[in-house]
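Trainee: Once you've had a glance at the structure underneath, I'll fire off some questions.
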């Protein structure tokens with residue numbers, strides 16, 4: 001059993017050799033991460049699904065350019081981020097803004113559920129408090145400037161290393177550190193009194 | 001260390017990446033300053049809470065959506081999809097391509113040898129080229145979305161031009177066919193006509209058409225490079241040129257990957273696509289004005305505004321390429337004083 005990186009490399013090799021079904025493995029492996037990043041960047045469930053799916057299509061089309069020394073997930077997230085930027089600019093040009101559709105409850109066969117995974121160990125009051133806090137966090141994330149949101153989503157929501165973030169947003173590790181500090185302080189200011 | 005300087009290190013402190021000496025100083029400050037200690041505690045709680053936002057699942061039909069989009073590529077493109085081709089097919093494709101290229105290259109010579117009328121046809125090549133140039137000009141004057149497709153089509157035509165001329169085939173026809181093919185691909189790629197990706201630039205028609213034109217992996221890189229945005233020329237109205245250049249130089253020094261060359265009243269800046277371009281515009285607006293509104297009435301200024309607008313469109317549509325290829329962007333500034 002190899003590391004995820006080496007496993008990805010072998011799957012990518014199979015894709016390049018003509019095994020198109022192998023790409024499904026990559027999609028299944030990284031769909032949650034790509035979707036989560038798109039959702040936190042855009043704040044809209046359907047737009048995030050659209051962008052994350054498009055990112056996989058772009059990745060498939062660009063597989064020939066993918067360098068084996070890089071991690072597939074890092075490369076994929078860079079594509080997701082670019083598509084998210086494009087999508088937000090498109091909204092801005094057409095004066096479209098996502099205001100309150102952030103993770104709204106979804107109607108299912110079993111009634112309305114929220115899209116986030118609830119903490120099963122928390123009691124009803126605690127769950128309500130956590131739910132409210134998450135709502136504040138989601139709203140505050142959307143109010144951040146784009147560069148700050150990117151850094152916070154990649155570091156604090158996704159838990160990526162400074163080096164991976166530097167590759168995704170294409171800047172130096174030192175810049176990631178300083179931007180992250182600024183971004184966290186801005187987010188903290190937006191959440192004043194709600195934490 | 002005071003409260004102001006300590007705030008600069010909160011983030012690194014929380015992540016445990018602060019240098020030991022600095023950490024010791026900050027620890028000392030936090031023990032003495034309740035306000036900063038509370039701030040660090042709140043930030044710690046905030047980052048811990050943010051982790052929970054990452055635990056979301058993609059929709060159940062996510063994979064089938066991706067598969068559908070991949071299937072939506074035209075059949076001919078899937079057939080030529082280099083990555084998906086097995087080795088024997090690649091060898092066969094290479095051989096066929098070589099034979100085709102050889103045939104196309106030798107046809108004019110054979111034609112000239114057998115028919116004396118050939119020189120007349122060859123003589124018409126400049127006229128055809130002129131028609132082609134007119135066609136390109138017309139295409140570039142079309143609507144922005146159309147222009148994106150047209151420009152990529154024109155690039156394809158440029159690449160084909162020598163071969164098509166030798167074969168005495170009107171290049172305009174070739175380019176028109178190519179453009180149509182690219183347009184079809186774009187429409188198929190983007191899904192339904194009212195989907196946001198169609199007119200938005202969320203999809204990248206330039207990339208896609210370039211890939212279509214490139215076909216094989218090797219030539220795709222060249223095609224995409226060829227659609228890198230042309231230098232942007234703009235007027236920068238500043239009160240003091242030396243001060244403005246000094247401020248710009250300072251910004252370039254602070255910006256990774258950016259370069260600056262000063263040539264009299266002209267400044268040429270190269271910035272790595274695409275994130276830094278927005279910062280450059282902010283910097284230029286901070287120390288002067290880009291193409292002032294009163295000049296916007298003149299044709300020259302309109303052209304500048306148009307170029308800027310076009311470039312924004314192209315830039316947004318080539319961000320994906322920038323990840324893959326890292327194409328830089330050149331901005332040529334002409335410094336003018338407010339009285340001019």
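Coordinate-derived values only; no laboratory data. Keep in mind that what you see is a predicted model, and the values were worked out from it rather than measured. Every residue, glycine among them, receives a Cβ derived from its backbone with ideal geometry; neighbour counts consider all protein chains shown.
Trainee: Would you mind ranking B:97, B:255 by Cβ crowding within 10 Å, fewest neighbours first?
Mentor: Fewest-to-most Cβ neighbours within 10 Å comes out as B:97, B:255.
Trainee: Averaged across A:170-181, how many Cβ atoms of other chains sit within 10 Å of each residue's Cβ atom?
Mentor: Partner Cβ neighbours, averaged per residue: 4.
Trainee: Sort A:146, A:69, A:126, A:164 by Cβ crowding within 10 Å, fewest neighbours at the top.
Mentor: On the way: A:146 15, A:69 7, A:126 11, A:164 20.
Arranged by neighbour count, lowest to highest, A:146, A:69, A:126, A:164 become A:69, A:126, A:146, A:164.
Trainee: Taking segment A:122-195 on its own, what percent of its Cα-Cα pair distances exceed 18 Å?
Mentor: That tail contains 43 percent of the Cα-Cα pairs.
Trainee: Taking R0 as 30 Å, what's the FRET efficiency between residue B:7 and residue B:262 from their Cβ-Cβ distance, rounded to 0.05?
Mentor: Calculated transfer efficiency: 0.20.
Trainee: Fewest Cβ neighbours within 10 Å first, please rank A:150, B:332 accordingly.
Mentor: Fewest to most other Cβ atoms nearby, the residues stand as B:332, A:150.
Trainee: Now for a separate question. I'd like the mean, over residues of A:57-69, of how many other protein chain beta carbons sit within 10 Å of each residue's own Cβ.
Mentor: Per residue, the average neighbour count from other chains is 6.
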